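The values are calculated or read from the model by the stated rules, or taken from the named source; none is laboratory data. No experiment lies behind these values; they were computed from the predicted model shown. Here the Cβ positions follow ideal geometry from the backbone for every residue, glycine too, while neighbour counts run over all protein chains shown. In case anyone asks, the SASA skips ligands and DNA or RNA and just uses the protein heavy atoms, side chains included. Shrake-Rupley method; radii C 1.70, N 1.55, O 1.52, S 1.80 Å.
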Amino acid sequence: MVTLEPAGVRRQALSVGLATALYGISLGAVAVASGLSVLQACLTSLLLFSGGSQFALVGVLGSGGSVWAAVAASSLLGIRNGLYALQINAAIRPQGWRRPAAAQLTIDESTAVSVAQSDDAGRRLGFWLTGLTVYVGWNLMTLLGALIGRSIGDPRTYGLDAAAAAAFLALVWPRLRHRSGLQIAALGAVVDLSLVPVLPAGLPIVAAGAVGLVAGLRQVSR
Amino acid sequence: MSASWTAVLLASVIAFGLKLSGYLIPPRWLEQPRISSALTVLPAALLAALVMTQTFATGRHLTVDARVIGLVVAAIALSRRAPFIVVVVLGALAAAATRAAGWG
């Protein structure tokens, strides 16, 4: 695995942070279009702070789903953050006030950058830097999106969705050099793709993680 | 309290509870070699799944669109050892250019 200098971790954190934060515009716009006020839209980003869960919440509300369906969809997608938290806790062990702060910042992006680093110092820096960058950017962009609504057009025009995919690929890349990493990654990819048509958005990622965990346990016991 | 407020606040409380739960599990549970080893390979599965979802998923549908071009260009850049930011920007530009050309 490549050992990155702190500057390298910073670049990763900022790149992932910016790519994700720009998506916040669409969340703000969709939330307002779904019937939330600008304040409510901003509170989902300040308090809930998990893109998939937020999109699920406003998506279900916007399509006429009940409060309970919206909360359930949002919460099911949030389970994976608990799984991420286990890993982050093992690597950075936050204490005192840092623990709830770390919990709030535990999302796909901060975890992805953190676990891609090769030592605990890098994992700590990657987690906090990415989490804070995404938090600030995501909230500012949610406000912006909520205020200007759909008039900005589609962020896909700028390839921002592909930027996120490219970022995740760059993060998994060093793990593909080892046979065991390649096997687990291929397994995760296959599980995810086969479950996307079957499960609500976000859950295939949880399933891939769970299968990866089981496969990891089997690899160790062999 | 309106339905929207209930949804926003309740979902936020549950989301935070889920995140916090991972920090409250005793660390010694994770210090067993089996579990810590499994947790070190787990990210490869999660990251690969995130790549797949970000590239091919549109809601519950699998689609092949401009994001695939972005991913291929990103993979080429990575195989040439391009820096992270270059990989991300090239991926976005490739997808944007593909869409501007009228596909995906």
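Show the residue pairs that are 6+ apart or on different chains and have beta-carbon atoms under 6 Å apart, the first residue being within the range B:43-69 and within 23 Å of A:THR157 (Cβ to Cβ), the second being open to solvent by less than 50 Å² (accessible area, probe 1.4 Å) and basic (Lys, Arg).
Once the first residue is within 23 Å of A:THR157 (Cβ to Cβ) and sits in the range B:43-69, its partners that are open to solvent by less than 50 Å² (accessible area, probe 1.4 Å) and basic (Lys, Arg) give B:THR55/B:ARG67; B:ALA66/B:ARG99.
Looking at (1) part of a helix (DSSP H, G or I); (2) under 23 Å from A:ALA73 (Cα atoms); (3) open to solvent by 60 Å² or more (accessible area, probe 1.4 Å), which is the only condition A:GLN183 fails?
(2)
Looking only at the range A:128-164, filter to residues that are of a type in the set (Ser, Thr, Tyr) and over 16 Å from A:VAL16 (Cβ atoms); which one of those is modelled with the highest pLDDT? Before the answer, list the steps.
Pass one, the range A:128-164, residues of a type in the set (Ser, Thr, Tyr): A:130, A:133, A:135, A:142, A:151, A:157-158.
Adding the requirement that they be over 16 Å from A:VAL16 (Cβ atoms) leaves A:142, A:151, A:157-158.
Details: A:THR142: 92, A:SER151: 58, A:THR157: 77, A:TYR158: 72.
The extreme case among them is A:THR142.
Can we say A:SER53 is touching a residue at least 12 places away in the same chain (Cβ under 8 Å), open to solvent by less than 20 Å² (accessible area, probe 1.4 Å), within 30 Å of B:PHE84 (Cβ to Cβ) and within 9 Å of chain B (Cβ to nearest Cβ)? Explain how you work it out, then say what you get.
Numbers: touching a residue at least 12 places away in the same chain (Cβ under 8 Å): yes; open to solvent by less than 20 Å² (accessible area, probe 1.4 Å): yes; within 30 Å of B:PHE84 (Cβ to Cβ): yes; within 9 Å of chain B (Cβ to nearest Cβ): yes.
For A:SER53, the condition - touching a residue at least 12 places away in the same chain (Cβ under 8 Å), open to solvent by less than 20 Å² (accessible area, probe 1.4 Å), within 30 Å of B:PHE84 (Cβ to Cβ) and within 9 Å of chain B (Cβ to nearest Cβ) - is met.
Out of (1) open to solvent by less than 10 Å² (accessible area, probe 1.4 Å); (2) touching a Lys or Arg at 6+ places or on another chain (Cβ under 8 Å), the odd one out for A:VAL206 is which?
Among (1) open to solvent by less than 10 Å² (accessible area, probe 1.4 Å); (2) touching a Lys or Arg at 6+ places or on another chain (Cβ under 8 Å), A:VAL206 violates only (1).
Could you run through the range A:192-203 and say how many residues are open to solvent by 20 Å² or more (accessible area, probe 1.4 Å) and at the interface with chain B (Cβ under 7 Å from one of its Cβ atoms)?
Looking only at the range A:192-203, we keep the residues that are open to solvent by 20 Å² or more (accessible area, probe 1.4 Å), and these are A:193-195, A:197-201, A:203.
With at the interface with chain B (Cβ under 7 Å from one of its Cβ atoms) added as a condition, the list becomes A:193, A:197, A:201.
Here the count works out to 3.
Only residues that are crowded, with 20+ Cβ neighbours inside 10 Å and either within 14 Å of B:TRP103 (Cβ to Cβ) or of a type in the set (A, V, I, L, M) (or both): list them for the range B:56-74, please.
Going through the range B:56-74, the residues crowded, with 20+ Cβ neighbours inside 10 Å turn out to be B:56-57, B:66-67, B:69-71, B:73-74.
Of everything in the range B:56-74, those that are crowded, with 20+ Cβ neighbours inside 10 Å and either within 14 Å of B:TRP103 (Cβ to Cβ) or of a type in the set (A, V, I, L, M) (or both) turn out to be B:ALA57, B:ALA66, B:ARG67, B:ILE69, B:GLY70, B:LEU71, B:VAL73, B:ALA74.
Return the pair list, or none, for Cβ contacts closer than 6 Å from residues in the range B:80-104 that are at pLDDT 95 or above to residues that are open to solvent by 60 Å² or more (accessible area, probe 1.4 Å), at least 6 apart or on different chains.
B:ALA94/B:ILE69; B:THR98/B:ILE69
Do the conditions hold for A:GLN87, that is, is it open to solvent by 10 Å² or more (accessible area, probe 1.4 Å) and within 9 Å of chain B (Cβ to nearest Cβ)? Step through it out loud before you land on a result.
Values: open to solvent by 10 Å² or more (accessible area, probe 1.4 Å): yes; within 9 Å of chain B (Cβ to nearest Cβ): yes.
For A:GLN87, the condition - open to solvent by 10 Å² or more (accessible area, probe 1.4 Å) and within 9 Å of chain B (Cβ to nearest Cβ) - is met.
Listed here are the residues, each with its yes/no results for (1) aliphatic (A, V, I, L, M); (2) within 13 Å of another protein chain (Cβ to nearest Cβ).
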residue	(1), (2)
A:ALA91	yes, yes
A:SER110	no, yes
A:SER114	no, yes
A:MET141	yes, no
A:VAL172	yes, yes
A:HIS178	no, yes
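Looking at A:SER26, A:SER75, A:SER45, can you tell me which residue is in contact with a helix residue (DSSP H, G or I) (Cβ under 8 Å, 6 or more places away or on another chain), open to solvent by less than 10 Å² (accessible area, probe 1.4 Å), among the hydroxyl-bearing types (Ser, Thr, Tyr) and under 30 Å from A:LEU125 (Cα atoms)?
Details: A:SER26 fails: open to solvent by less than 10 Å² (accessible area, probe 1.4 Å); A:SER75 fails: open to solvent by less than 10 Å² (accessible area, probe 1.4 Å).
A:SER45 is the lone residue from the list that is in contact with a helix residue (DSSP H, G or I) (Cβ under 8 Å, 6 or more places away or on another chain), open to solvent by less than 10 Å² (accessible area, probe 1.4 Å), among the hydroxyl-bearing types (Ser, Thr, Tyr) and under 30 Å from A:LEU125 (Cα atoms).
Which ones in the range B:79-98 are touching a Ser or Thr at 6+ places or on another chain (Cβ under 9 Å) and under 10 Å from B:ILE69 (Cα atoms)?
Result: B:ALA96, single match.
Among the residues of the range A:1-58, write down those that are in contact with an Asp or Glu (Cβ under 6 Å, 6 or more places away or on another chain) and either in the same structural domain as A:LEU199 (by TED's automatic domain parsing) or modelled with pLDDT of 80 or more (or both). Don't jump to the end; show me each part of the working.
Applying the first criterion (in contact with an Asp or Glu (Cβ under 6 Å, 6 or more places away or on another chain)) to the range A:1-58 yields A:16, A:20.
Of everything in the range A:1-58, just one residue is in contact with an Asp or Glu (Cβ under 6 Å, 6 or more places away or on another chain) and either in the same structural domain as A:LEU199 (by TED's automatic domain parsing) or modelled with pLDDT of 80 or more (or both), namely A:VAL16.
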